[in-house]
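The values are calculated or read from the model by the stated rules, or taken from the named source; none is laboratory data. Please read all numbers here as calculations on a predicted model, not as lab measurements. Here the Cβ positions follow ideal geometry from the backbone for every residue, glycine too, while neighbour counts run over all protein chains shown.
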Number of protein chains: 2
Amino acid sequence: MSEDLDARAADAQTSDRARSLLDIGARIFAEKGYEATSMRDISSAAGVSKALLYHHFASKEDIYARISFSATEKLYSFVEERIPAEGSAAEKVRAFMVAATTFFSDHRSAWIAASNAFWSDPDRHRLETRIARRRQFERRLRDLIREGVENGEFNAVDPAMAGRLILSGINWMHRWYDPEKGLTAEEIVNQYADILLGGLHKR
Amino acid sequence: MSEDLDARAADAQTSDRARSLLDIGARIFAEKGYEATSMRDISSAAGVSKALLYHHFASKEDIYARISFSATEKLYSFVEERIPAEGSAAEKVRAFMVAATTFFSDHRSAWIAASNAFWSDPDRHRLETRIARRRQFERRLRDLIREGVENGEFNAVDPAMAGRLILSGINWMHRWYDPEKGLTAEEIVNQYADILLGGLHKR
């Protein structure tokens, strides 16, 4: 194996390790809250030394910010792939809602982390990128609502306001939703969509 | 003045002072976040010594929990007084939404504090009382929705789920709403109510 390949293999290994530490960190942060979580909690849960944890990450804040960043980065493309190219605006808005909820539910810990500390990141550039991605995500939903208003499917609502209402339902879910009991996240968001799209749709 | 009256006058003064410190605390917590706020920040903003602040409150966590407690205690009666005894379920649900939003907007700092640290309070009894009040508030909304389902005004939605969707819109507002620009909180919640009640109402 050439030195170059060795280096690449080492890199890949490092980033697997880092990814696994981030997953564990996300779970601990979601369980205990940001403030109550220490670097020691994360290293213990991962079964590694604190020194190794500090080798990968500068601080607790750094871990938290990376978790949030990664979740926001993936969200947009995950949702985009699930919006049908053809169909009514109502179908597209519902697909957006179901996809976003599925993503948040599948990445529950990371999402709670991202949601609780949205504005804090020691890396200014990373924070700005994350805010830009989030805006892109929100804009996509507004555009779908505007499509429905313009083609006469929906009432003449303000797309920005209707979009915020829809996202509130999805964003707030992690505050009360228990994946262990009751309806699935997808069933819940479909009930939300019935009410919201019923309200948007022209009579 | 009798000794008894002296003592009561001193008590009243103390609690005025404590209330004013809590108001200032709420503002600082809302501006800086819980973690970044120190007892020194609060005492500086209030123009009092740290010793005086500690005379009234055991810790930063104690101040935060008292702010949340007081906001939750007042919320229920504020909203209850604004729900009309007569009228359609839709009118009552809208009145609930407008009242809750007005309350949150008028007590913005306290509400952000309560929302961000809902589950933490060093005083277990106070925390339980707060959770009970919050449940009472949520149950009131569900009962209004159930009234509309039972009298045939609304579609056969699950009142718990519809209630959560409505509260999500209201609860999430503090994350993006800027009282300095754009629509008022009351205008926004009326747009939300148009969509949500449109979706609940039988066609």
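State which residue pairs qualify: first residue within 18 Å of B:Glu35 (Cα to Cα) and touching a residue at least 12 places away in the same chain (Cβ under 8 Å) and inside the stretch B:53-64, second residue part of a helix (DSSP H, G or I) and charged (D, E, K, R) in any location, beta carbons under 8 Å apart, and separation of 6 or more residues or different chains.
Here the result reads B:Phe57/B:Arg66, each pair linking the stretch B:53-64 to a residue that is part of a helix (DSSP H, G or I) and charged (D, E, K, R).
Return the total of residues in the stretch B:146-192 being touching a residue at least 40 places away in the same chain (Cβ under 8 Å), within 11 Å of another protein chain (Cβ to nearest Cβ) and farther than 24 Å from B:Ser109 by Cα.
Within the stretch B:146-192, residues that are touching a residue at least 40 places away in the same chain (Cβ under 8 Å), within 11 Å of another protein chain (Cβ to nearest Cβ) and farther than 24 Å from B:Ser109 by Cα number 3.
Restricting the stretch B:66-112 to residues that are acidic (Asp, Glu) and farther than 14 Å from B:Ala185 by Cα, which is surrounded by the most Cβ atoms within 10 Å (Cβ to Cβ)?
B:Glu91
Can you tell me which residue among A:Val189, A:Val157 is at pLDDT 95 or above and outside any loop (DSSP other than H, G, I, E, B)?
Answer to the check: A:Val189.
Quick one: count up the residues across the stretch B:36-56 that are part of a helix (DSSP H, G or I), surrounded by 17 or more Cβ atoms within 10 Å (Cβ to Cβ) and among the hydrophobic types (A, V, I, L, M, F, W, C).
Going through the stretch B:36-56 one residue at a time, the tally reaches 3.
Six or more apart or on different chains, Cβ atoms under 7 Å: show the pairs whose first residue is in the stretch B:27-49 and within 14 Å of chain A (Cβ to nearest Cβ) and whose second is assigned to a loop (DSSP other than H, G, I, E, B).
Once the first residue is within 14 Å of chain A (Cβ to nearest Cβ) and sits in the stretch B:27-49, its partners that are assigned to a loop (DSSP other than H, G, I, E, B) give B:Phe29/B:Thr37; B:Tyr34/B:Ala117; B:Glu35/A:Glu35.
Okay, residues lined up against (1) in contact with a helix residue (DSSP H, G or I) (Cβ under 6 Å, 6 or more places away or on another chain); (2) over 16 Å from B:Leu21 (Cβ atoms); (3) of a type in the set (Lys, Arg):
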| position | (1), (2), (3) |
| --- | --- |
| B:Ala46 | yes, no, no |
| B:Lys50 | yes, no, yes |
| B:Leu53 | yes, no, no |
| B:Asp62 | no, no, no |
| B:Ile67 | yes, no, no |
| B:Lys74 | no, yes, yes |
| B:Phe78 | yes, yes, no |
| B:Arg82 | yes, yes, yes |
| B:Gly87 | no, yes, no |
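Assess whether A:Asp143 counts as being free of Cβ contacts under 8 Å to residues at least 24 places away in the same chain and within 8 Å of chain B (Cβ to nearest Cβ).
Criteria not met by A:Asp143.
Being over 16 Å from A:Ile83 (Cβ atoms), assigned to a helix (DSSP H, G or I) and within 14 Å of chain B (Cβ to nearest Cβ) is the filter here; which residues of the stretch A:119-140 pass it?
A:Ile131, A:Arg134, A:Arg135 - these are the residues of the stretch A:119-140 that are over 16 Å from A:Ile83 (Cβ atoms), assigned to a helix (DSSP H, G or I) and within 14 Å of chain B (Cβ to nearest Cβ).
One line per residue, one yes/no per condition, for (1) among the polar types (S, T, N, Q); (2) out of contact with any Phe, Trp or Tyr (no Cβ under 9 Å at 6 or more places or on another chain); (3) assigned by TED's automatic domain parsing to the domain that holds A:Tyr64; (4) more than 26 Å from B:His201 (Cα to Cα):
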site: A:Arg108; (1), (2), (3), (4): no, no, yes, yes
site: A:Trp111; (1), (2), (3), (4): no, no, yes, yes
site: A:Arg124; (1), (2), (3), (4): no, yes, yes, yes
site: A:Arg164; (1), (2), (3), (4): no, no, yes, no
site: A:Asn171; (1), (2), (3), (4): yes, no, yes, no
site: A:Trp176; (1), (2), (3), (4): no, yes, yes, no
site: A:Ile195; (1), (2), (3), (4): no, yes, yes, no
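Given the conditions (1) in contact with a Lys or Arg (Cβ under 8 Å, 6 or more places away or on another chain); (2) surrounded by 16 or more Cβ atoms within 10 Å (Cβ to Cβ), and given that B:Trp176 satisfies all but one, which numbered condition is not satisfied?
Tallying (1) in contact with a Lys or Arg (Cβ under 8 Å, 6 or more places away or on another chain); (2) surrounded by 16 or more Cβ atoms within 10 Å (Cβ to Cβ), B:Trp176 fails exactly one: (2).
Can you find, within the stretch B:68-118, the residue that is nearest to A:Ala114 (Cα to Cα) among those that are part of a helix (DSSP H, G or I) and free of Cβ contacts under 8 Å to residues at least 24 places away in the same chain?
B:Asp106
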